[in-house]
1. Would you confirm, using the coordinates I've provided, whether residue A:232 is within 13 Å of chain B (Cβ to nearest Cβ), over 27 Å from residue B:351 (Cα atoms) and modelled with pLDDT of 90 or more?
2. Filter the stretch B:122-154 for residues that are among the basic types (Lys, Arg) and either more than 9 Å from every other protein chain (Cβ to nearest Cβ) or within 26 Å of residue B:264 (Cα to Cα) (or both) and give the result.
3. Does the stretch A:182-194 hold any residues that are more than 12 Å from chain B (Cβ to nearest Cβ) and of a type in the set (Gly, Ala, Ser), and which are they?
4. Can you name the residue in the stretch B:155-181 that is in contact (Cβ under 8 Å) with a residue 12 or more places away in the chain and touching a Leu at 6+ places or on another chain (Cβ under 7 Å) and, of all such residues, is farthest from the other protein chains (Cβ to nearest Cβ)?
5. Determine if the stretch A:200-217 includes at least one residue that is in a helix (DSSP H, G or I), facing chain B (nearest Cβ under 9 Å), surrounded by fewer than 18 Cβ atoms within 10 Å (Cβ to Cβ) and not hydroxyl-bearing (Ser, Thr, Tyr).
6. Restricting attention to the stretch A:235-255, which residues are within 20 Å of residue B:268 (Cβ to Cβ) and either more than 12 Å from chain B (Cβ to nearest Cβ) or modelled with pLDDT under 90 (or both)?
7. Answer with yes or no whether residue B:57 is in contact with a helix residue (DSSP H, G or I) (Cβ under 8 Å, 6 or more places away or on another chain) and either farther than 29 Å from residue A:161 by Cβ or at pLDDT below 90 (or both).
Protein chains: 2
Amino acid sequence: MFKYLYRLPSASVLFSTTKKLTTVCSNPSFSFSIKLCNLRKNKSNFGALFIPKDIQVRVVSLLNIRSMSKSVDSSSDMELVITENKNHELLTAAYDNYGGVTVEVKDPLDSEIFLSLHKASIKEWTQKGKKGVWIKLPIEHVNLVEAAVKEGFWYHHAEPTYLMLVYWIPETVNTLPLNATHRVGIGAFVMSDEGKVLVVQEKSGKLRGSGVWKYPTGVVDEGEDICTAAVREVKEETGVCISIDSEFVEVLAFRQSHKAFFEKSDLFFVCMMRPLSFDIEKQDHEIEAAQWMSFEEYAAQPFIQKSDMFKNIVEICLKKKGSGYYSGLSPVSTKSSFSNRESFLYLNKRDLNRTSNDNEP
Amino acid sequence: MFKYLYRLPSASVLFSTTKKLTTVCSNPSFSFSIKLCNLRKNKSNFGALFIPKDIQVRVVSLLNIRSMSKSVDSSSDMELVITENKNHELLTAAYDNYGGVTVEVKDPLDSEIFLSLHKASIKEWTQKGKKGVWIKLPIEHVNLVEAAVKEGFWYHHAEPTYLMLVYWIPETVNTLPLNATHRVGIGAFVMSDEGKVLVVQEKSGKLRGSGVWKYPTGVVDEGEDICTAAVREVKEETGVCISIDSEFVEVLAFRQSHKAFFEKSDLFFVCMMRPLSFDIEKQDHEIEAAQWMSFEEYAAQPFIQKSDMFKNIVEICLKKKGSGYYSGLSPVSTKSSFSNRESFLYLNKRDLNRTSNDNEP
């Protein structure tokens with residue numbers, strides 16, 4: 001079921017689809033590659049090659065095996081190719097402009113093979129003057145985490161689907177970017193021209209069953225703009241079928257608080273919104289109820305009066321409602337030659353656009 | 001070197017300080033505990049007990065062994081206690097108010113023992129109606145990561161020293177809090193009464209060698225207030241021995257940008273600072289040079305003129321410098337009955353404190 005292009009004298013070659021390639025040497029005195037290609041679908045991708053101990057064997061990355069299998073067409077079920085290989089195989093990596101190296105492991109890899117490739121790669125990167133090494137390990141390759149940590153890597157950050165490990169080659173203090181430290185939330189103060197405020201009661205969370213009517217709040221998704229998140233939360237929190245459309249006006253205030261969850265901090269932006277629709281249909285899963293409430297009734301709730309923050313927001317809204325004279329920060333779309341990416345800068349537009357003829361207090 | 005209080009018939013008991021306890025059964029038909037205590041310092045804390053296969057053995061958590069060793073005083077070097085144990089041992093866990101369970105693994109644990117304890121624990125927590133299960137694994141216990149993931153855990157977040165894994169018991173959609181999504185940075189605009197701006201040149205980063213003079217910037221540390229970070233960065237970036245002291249005035253504007261590093265976003269707060277000292281001594285490691293520069297010279301730099309954001313900040317500072325009439329958001333210390341924690345709420349103090357007698361534009 002396999003053919004060999006080059007047969008080593010005195011090497012006993014066995015093949016099995018259920019065993020992994022385990023004979024690995026990182027500094028082989030005699031180096032050659034084993035490549036398995038054109039494996040049948042849904043079968044194990046591994047093979048085993050047993051060779052007497054006096055002959056050292058080094059295998060190529062399974063990444064290469066995978067990619068090769070796509071391009072080779074053969075009538076045999078599987079093919080074992082043994083060729084001389086004078087180059088050390090390295091982990092597939094991308095270089096960045098900061099002297100960094102990023103390895104993204106996309107295909108299954110035996111931890112011993114990984115270690116072998118890693119040792120050769122670090123040698124190469126050190127010679128090239130590289131500094132930080134990033135390894136992105138999808139959760140399905142959790143078998144490599146222990147091996148990487150034993151090689152000196154540490155955790156940088158993690159998301160549900162992957163773990164990012166990092167290593168610093170030079171002997172200097174590392175200048176790697178810090179992990180994300182803040183979660184960002186929004187509170188949406190939707191006030192109508194008649195002075196009615198959109199309020200909800202939560203089905204879960206700290207306020208569940210308390211009877212408190214609060215303005216809609218939520219967490220800003222990864223990659224989402226604050227002004228977009230506020231519009232989305234008003235729409236989501238107040239109904240699935242007939243939801244409240246609203247327009248972002250400005251950030252009235254924001255609060256930074258620490259140890260919001262574990263050691264992480266929280267930035268909470270209170271946003272003034274202008275309603276574009278008024279019919280409410282409650283969304284069963286998230287909130288108990290939603291309604292338009294007079295501002296006075298909202299502000300009189302004991303829960304609001306007991307909280308410095310909510311009281312401040314009430315005072316801000318009173319200013320806004322009365323004279324209309326409270327200015328927060330509103331978004332301006334900017335593009336910078338520095339990052340070449342569009343992003344929102346939130347500033348006090350009213351003050352910035354005032355001419356010198358305007359009255360000043 | 002050990003004594004046994006209860007000797008199992010037909011069980012052959014051996015002891016070694018170099019081997020781990022490996023005979024584990026998660027659902028033992030016959031259950032008893034092995035406890036090692038009063039081990040000599042700096043020696044392996046593990047022992048091995050070999051028992052014929054027809055007798056199933058279950059061991060207690062090494063956490064318990066550790067903690068027990070502190071309280072037991074004996075003249076023998078070590079003591080092996082075998083007692084009948086009818087209760088299943090569980091992972092040490094703390095319950096929270098949201099139906100959550102948090103396990104913090106503090107002492108070394110064999111992955112098979114961990115699995116055994118985990119299976120019994122999940123059964124217990126399911127019966128108790130628990131929902132989310134958090135496991136905090138310090139990096140030295142990386143040997144348990146693969147076992148946890150194979151049991152259905154996924155990554156929640158990671159810091160250099162630990163990995164937080166999470167699991168959701170109910171069949172409902174999980175309501176676990178999201179990971180942190182944002183890094184927070186500050187830019188400190190320190191302007192003197194004479195209209196001089198504190199500027200620096202970076203030794204590393206994108207602007208290295210560009211000749212650009214920029215205001216000091218930096219990353220807000222975990223748990224640090226924005227207004228504190230701005231003061232620290234001005235002090236750190238402009239010298240070790242004789243540094244610039246400054247006072248936080250307000251957040252002039254902030255920018256939210258995405259994919260700042262990997263998939264994470266960035267919130268950058270531009271802060272107005274009032275200088276309290278003026279003598280500059282440069283700090284070798286971080287910056288090339290620092291100086292007080294006229295505002296006009298700063299603003300005229302091509303780099304500033306090419307960036308929407310920097311141009312906006314220049315315009316804001318022009319307002320501030322001329323009429324003094326641009327109001328950002330400044331911090332008010334708040335304490336809420338809701339969280340009972342002190343935090344800063346940033347709001348437009350000037351507008352909020354205006355009386356109705358003030359002129360309005």
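1. For residue A:232, the condition - within 13 Å of chain B (Cβ to nearest Cβ), over 27 Å from residue B:351 (Cα atoms) and modelled with pLDDT of 90 or more - is not met.
2. Matches in the stretch B:122-154: B:123, B:128, B:130, B:131, B:136.
3. Passing the criteria: A:188, A:192.
4. That would be B:168.
5. No, because not a single residue in the stretch A:200-217 is in a helix (DSSP H, G or I), facing chain B (nearest Cβ under 9 Å), surrounded by fewer than 18 Cβ atoms within 10 Å (Cβ to Cβ) and not hydroxyl-bearing (Ser, Thr, Tyr).
6. The one that is within 20 Å of residue B:268 (Cβ to Cβ) and either more than 12 Å from chain B (Cβ to nearest Cβ) or modelled with pLDDT under 90 (or both): A:248.
7. no
The values are calculated or read from the model by the stated rules, or taken from the named source; none is laboratory data. Bear in mind the structure is a predicted one, so any value in this text is a computation, not a measurement. Cβ sites come from the backbone with ideal geometry, for glycine too, and all protein chains shown count toward neighbours.
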